[in-house]
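Before any comments, here is the structure.
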Amino acid sequence: MGSWAQTVVVGRARLGGIPLGVIAVETRTVNLTIPADPANLDSEAKFLQQAGQVWFPDSAFKTAQTICDFNRERLPLMVFANWRGFSGGMKGTP
């Protein structure tokens, strides 16, 4: 799970002793590894790079899940939102 949605960073913190949830953006480019399909002998692992500050679909899902979790825990939320844009798939990338 550590390599999933690396372009968004989530966690819990304390600010002045008050617990809160934090969502931030990874600004560096991250490497994404898509493993080979063990059922297909012709498949190979793929290594992709995801640009920092871009809200990819997996990052959007992770963000939504985190907001739901923090809401369930009644935690205040702090978002450092400096995303450049949303990548909707291969056609949305340059």
I'd like to verify a number: residues in the range 20-53 that are within 19 Å of the chain's Cα centre (by Cα) and not in a strand (DSSP E or B), how many?
8
Unmet requirement for Val9, which otherwise passes all of (1) within 13 Å of Val79 (Cβ to Cβ); (2) open to solvent by 40 Å² or more (accessible area, probe 1.4 Å); (3) assigned to a helix (DSSP H, G or I):
(3)
Filter pass, Glu44 being of a type in the set (Asp, Glu) and open to solvent by 40 Å² or more (accessible area, probe 1.4 Å)
yes
Just checking, how many residues over the range 54-64 are open to solvent by less than 50 Å² (accessible area, probe 1.4 Å), outside any strand (DSSP E or B) and not small (Gly, Ala, Ser)?
4
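One line per residue, one yes/no per condition, for (1) at pLDDT 80 or above; (2) farther than 12 Å from Val9 by Cα; (3) not aromatic (Phe, Trp, Tyr):
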residue	(1), (2), (3)
Asn31	yes, yes, yes
Pro35	no, yes, yes
Asp42	yes, yes, yes
Lys46	yes, yes, yes
Gln49	no, yes, yes
Ala60	yes, no, yes
Gln65	yes, yes, yes
Asp69	yes, yes, yes
How many of the residues making up the range 17-41 are within 22 Å of Asp69 (Cβ to Cβ) and exposed (fewer than 12 other Cβ atoms within 10 Å of the Cβ)?
2
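The values are calculated or read from the model by the stated rules, or taken from the named source; none is laboratory data. Since the model is a prediction, treat every value here as computed from it, not as a measurement. Cβ sites come from the backbone with ideal geometry, for glycine too, and all protein chains shown count toward neighbours. In case anyone asks, the SASA skips ligands and DNA or RNA and just uses the protein heavy atoms, side chains included. Shrake-Rupley method; radii C 1.70, N 1.55, O 1.52, S 1.80 Å.
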